[in-house]
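*Asks:* The structure that follows is given in the form of structure tokens.
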Amino acid sequence: MRLDKLLSNMGYGSRKEVKKWLKAGVVTVNGHVVQDGKTQVDPETDHVQFQGVTVEYRPYIYLMLHKPQGVISATEDAREMTVLDLIDPEHLTYNLFPVGRLDKDAEGLLLLTNDGKLSHALLSPKRHVPKVYYAEIEGLVTQADVEAFQAGVILDDGYRTLPADLKVIHSGEHSRVELTIVEGKFHQVKRMFKAVGKRVTYLKRIKMGGLALDEGLEPGEYRELTEEEVQLLQG
């Protein structure tokens, strides 16, 4: 890996800023001052220091974000605020992307990482990674709906969903439910309820795989995953 890329990825500034640091002679590799950013280093074996402090190499980073409503799950958009707009510059150096998506008007757990392999595994249709949502529904949710979801409902495009686990927390004119699905079709939760004649008025993802949303995170806040949480996802 190029030295300037390593330093930039580890949060020591943009490529332009790193170039200035290198010229200043504050970066050493195995005890020798290196001023050329193109110098190739092995982050696993070479000892890189910045102003005398060892640069700890982390190839991947994993963030748990409580996505707020009104923000889109994308890396960039000309008009809308994206989830990356909520992330501090020190973490943005890792070229993060959201794992899957949450609707603009939905909130809850969204994983951000630069680990493409893990992202692919979590999103692969073959893996059937469970995703749990809390939803508020306009309309009376019944046992018949529970059974319909378990059998798989037919969406507006003719697709029959895989079996889903619908738990009714409160049934009434405005119902509250918890829904577990193992796929991620576009607007799937809303379309599933539409298929049984009801409308989702509030949607929040509370779990993905073995990872549960940290209740201490307010909408718009995030934190790094613990090693144990990463292992849960890698499962």
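*Asks:* Are any of the residues in region 16-32 of a type in the set (F, W, Y) and in contact (Cβ under 8 Å) with a residue 40 or more places away in the chain?
*Replies:* Within region 16-32, none of the residues are of a type in the set (F, W, Y) and in contact (Cβ under 8 Å) with a residue 40 or more places away in the chain.
*Asks:* Against the definition (within 28 Å of I61 (Cα to Cα) and either in contact (Cβ under 8 Å) with a residue 40 or more places away in the chain or in contact with a Ser or Thr (Cβ under 9 Å, 6 or more places away or on another chain) (or both)), how does L179 come out, yes or no?
*Replies:* Considered against the rule, which asks whether it is within 28 Å of I61 (Cα to Cα) and either in contact (Cβ under 8 Å) with a residue 40 or more places away in the chain or in contact with a Ser or Thr (Cβ under 9 Å, 6 or more places away or on another chain) (or both), L179 comes out as no.
*Asks:* Does region 173-203 hold any residues that are more than 27 Å from the chain's Cα centre (by Cα) and on the phi < 0 side of the Ramachandran plot, and which are they?
*Replies:* E173, H174, S175, A195, V196, K198
*Asks:* Moving on. Which residues, counting only those in region 2-16, are outside any helix (DSSP H, G or I) and at pLDDT 90 or above?
*Replies:* Once the filter is applied, which keeps residues that are outside any helix (DSSP H, G or I) and at pLDDT 90 or above, region 2-16 yields only R2.
*Asks:* Keeping to region 119-142, report how many residues are touching a residue at least 12 places away in the same chain (Cβ under 8 Å), outside any strand (DSSP E or B) and surrounded by fewer than 17 Cβ atoms within 10 Å (Cβ to Cβ).
*Replies:* 6
*Asks:* Then there is this: Hey, any hits in region 217-227 for a residue that's modelled with pLDDT under 95, in a helix (DSSP H, G or I) and either charged (D, E, K, R) or out of contact with any strand residue (DSSP E or B) (no Cβ under 6 Å at 6 or more places or on another chain) (or both)?
*Replies:* Yes, that holds for at least one residue.
*Asks:* So which pairs qualify, if the first residue must be in region 150-167 and closer than 9 Å to V182 by Cβ, the second must be among the small types (G, A, S) and surrounded by fewer than 17 Cβ atoms within 10 Å (Cβ to Cβ), the Cβ gap must be under 8 Å, and the two must be at least 6 apart or on different chains?
*Replies:* These pairs meet every condition: L162/G152; P163/A151; P163/G152; A164/G152.
*Asks:* Let me ask something else about it. Could you check F186 against (1) under 30 Å from Y62 (Cα atoms); (2) open to solvent by less than 80 Å² (accessible area, probe 1.4 Å) and say which number it fails?
*Replies:* Going through the list (1) under 30 Å from Y62 (Cα atoms); (2) open to solvent by less than 80 Å² (accessible area, probe 1.4 Å), F186 breaks only (2).
*Asks:* I'm trying to understand the selection: among the residues of region 17-32, which are outside any loop (DSSP other than H, G, I, E, B), surrounded by 11 or more Cβ atoms within 10 Å (Cβ to Cβ) and not hydroxyl-bearing (S, T, Y)?
*Replies:* E17, V18, K19, K20, W21, L22, K23, V27, V29
The values are calculated or read from the model by the stated rules, or taken from the named source; none is laboratory data. On a predicted model such as this, the values are computed, not experimentally measured, just so you know. Here the Cβ is made from the backbone with ideal geometry for all residues, glycine too, and neighbour counts use every protein chain on show. SASA here: full protein model, heavy atoms, side chains in, ligands and nucleic acids out. Shrake-Rupley method; radii C 1.70, N 1.55, O 1.52, S 1.80 Å.
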